[in-house]
Amino acid sequence: MSSERSLVLVKPDGVQRGISGAVISKLESRGLKIAGMKLFQISRDLATRHYGAHEGKPFFEGLVNFITSGPVVAMVVEGPRAVEIVRSTMGATDPLNAQPGTIRGDFGIEIGRNLVHGSDSLESAKHEINLFFSAGEIIDYDRDIDTWIIES
Ligand code: IDP
Ligand code: MG
């Protein structure tokens with residue numbers, strides 16, 4: 001199956017709470033491969049572009065303030081159906097509805113402090129990865145273990 005890439009952010013609440021490692025661990029143990037990773041301070045300009053689809057919504061200002069309030073861990077994660085696999089690993093947007101075992105279901109309580117971002121479609125993944133990463137920051141490499149994770 002052909003690989004997809006998704007943009008994942010450990011949001012400022014996750015970094016401040018020391019949960020970055022747990023998030024990375026969850027994605028890695030699911031079988032996803034990390035193709036890019038950096039600690040990153042999001043500017044207001046980047047936040048507005050990244051969350052452009054939510055401009056005008058009542059929570060938009062709070063969301064931009066929050067996502068720029070401290071560093072995030074930005075990652076490009078790769079694997080078959082990576083976009084949907086990341087979304088199911090994160091759990092529902094509102095942690096109240098996120099299943100236990102998911103990142104938001106294990107670590108979160110409120111929607112405005114839901115710890116992680118993951119692209120919601122292949123199209124937005126491509127757009128978001130371009131916003132956060134230059135081509136040279138994404139590494140194409142093989143893992144021997146992938147024959148035990150990916151059938152073909
Ligand atoms: P997603 O992060 O699961 O893709 P989106 O609907 O794209 O969810 O919303 C982006 C982010 O905006 C959410 O992760 C959450 O932090 C915040 N958000 C969404 N809806 C609300 C809301 O009703 N109140 C406060 N924050 C919200
Ligand atoms: Mg979204």
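The values are calculated or read from the model by the stated rules, or taken from the named source; none is laboratory data. Quick caveat: nothing in here was measured; it's all calculated off a predicted structure. With ideal geometry, Cβ positions are generated from the backbone for all residues, glycine too; neighbour counts draw on all protein chains shown.
Among the numbered conditions (1) in contact (Cβ under 8 Å) with a residue 60 or more places away in the chain; (2) within 16 Å of ligand 2 (Cβ to nearest atom); (3) crowded, with 19+ Cβ neighbours inside 10 Å, tell me where Pro95 comes up short.
For Pro95, the exception is condition (1).
Could you list, in sequence order, the residues of segment 98-152 that are touching a strand residue (DSSP E or B) at 6+ places or on another chain (Cβ under 8 Å) and on the phi > 0 side of the Ramachandran plot?
Selection gives Leu115 alone.
Do we have any residue at all in segment 8-16 that's part of a loop (DSSP other than H, G, I, E, B), within 17 Å of Gly91 (Cα to Cα), touching a helix residue (DSSP H, G or I) at 6+ places or on another chain (Cβ under 9 Å) and of a type in the set (Lys, Arg)?
Yes: segment 8-16 contains one or more residues that are part of a loop (DSSP other than H, G, I, E, B), within 17 Å of Gly91 (Cα to Cα), touching a helix residue (DSSP H, G or I) at 6+ places or on another chain (Cβ under 9 Å) and of a type in the set (Lys, Arg).
When you go through (1) away from ligand 2 (no atom under 16 Å from the Cβ); (2) under 25 Å from Thr147 (Cα atoms) one by one for Gln41, which number turns out not to apply?
Unmet condition: (2).
Across segment 44-60, what is the total count of residues that are charged (D, E, K, R), more than 12 Å from ligand 1 (Cβ to nearest atom) and either without any contact (Cβ under 8 Å) to a residue 40 or more places away in the chain or in a loop (DSSP other than H, G, I, E, B) (or both)?
Selection size over segment 44-60: 2.
Which residue is nearest to Ala47 (Cα to Cα), if the candidates are limited to segment 98-114 and must be of a type outside the set (Gly, Ala, Ser) and buried (at least 18 other Cβ atoms within 10 Å of the Cβ)?
Filtering segment 98-114 down to residues of a type outside the set (Gly, Ala, Ser) leaves 99-100, 102-104, 106-107, 109-111, 113-114.
Those still in the list that are buried (at least 18 other Cβ atoms within 10 Å of the Cβ) too: 102-104, 107, 114.
Details: Thr102: 25, Ile103: 22, Arg104: 21, Phe107: 23, Asn114: 16 Å.
Among residues in segment 98-114 that are of a type outside the set (Gly, Ala, Ser) and buried (at least 18 other Cβ atoms within 10 Å of the Cβ), the one nearest to Ala47 (Cα to Cα) is Asn114.
Could you say whether any residue in segment 26-37 is loosely packed, with under 14 Cβ neighbours inside 10 Å and touching a residue at least 12 places away in the same chain (Cβ under 8 Å)?
no
Can you pull out every residue in segment 143-152 that is exposed (fewer than 10 other Cβ atoms within 10 Å of the Cβ) and within 24 Å of Arg87 (Cβ to Cβ)?
Trp148, Glu151, Ser152
Here are some residues: Leu115, Leu122, Leu131. Which one is touching a residue at least 40 places away in the same chain (Cβ under 8 Å), in contact with a His (Cβ under 7 Å, 6 or more places away or on another chain), within 14 Å of ligand 2 (Cβ to nearest atom) and over 17 Å from Ser29 (Cα atoms)?
On the way: Leu115 fails: in contact with a His (Cβ under 7 Å, 6 or more places away or on another chain); Leu122 fails: in contact with a His (Cβ under 7 Å, 6 or more places away or on another chain).
So the residue among Leu115, Leu122, Leu131 that is touching a residue at least 40 places away in the same chain (Cβ under 8 Å), in contact with a His (Cβ under 7 Å, 6 or more places away or on another chain), within 14 Å of ligand 2 (Cβ to nearest atom) and over 17 Å from Ser29 (Cα atoms) is Leu131.
Taking the stated definitions as given, is Ile24 more than 16 Å from ligand 1 (Cβ to nearest atom), of a type outside the set (D, E, K, R), modelled with pLDDT of 95 or more and not in a helix (DSSP H, G or I)? Spell out how you get there, then give the answer.
Details: more than 16 Å from ligand 1 (Cβ to nearest atom): yes; of a type outside the set (D, E, K, R): yes; modelled with pLDDT of 95 or more: yes; not in a helix (DSSP H, G or I): no.
Criteria not met by Ile24.
What single numbered condition from (1) in contact with a Lys or Arg (Cβ under 7 Å, 6 or more places away or on another chain); (2) closer than 18 Å to Val15 by Cα; (3) not in a helix (DSSP H, G or I) fails to hold for Ser69?
Exception for Ser69: condition (1).
Filter segment 115-142 down to residues that are assigned to a loop (DSSP other than H, G, I, E, B), surrounded by 13 or more Cβ atoms within 10 Å (Cβ to Cβ) and away from ligand 1 (no atom under 16 Å from the Cβ) and give me whichever is nearest to the chain's Cα centre (by Cα).
For segment 115-142, the residue satisfying everything is Phe133.
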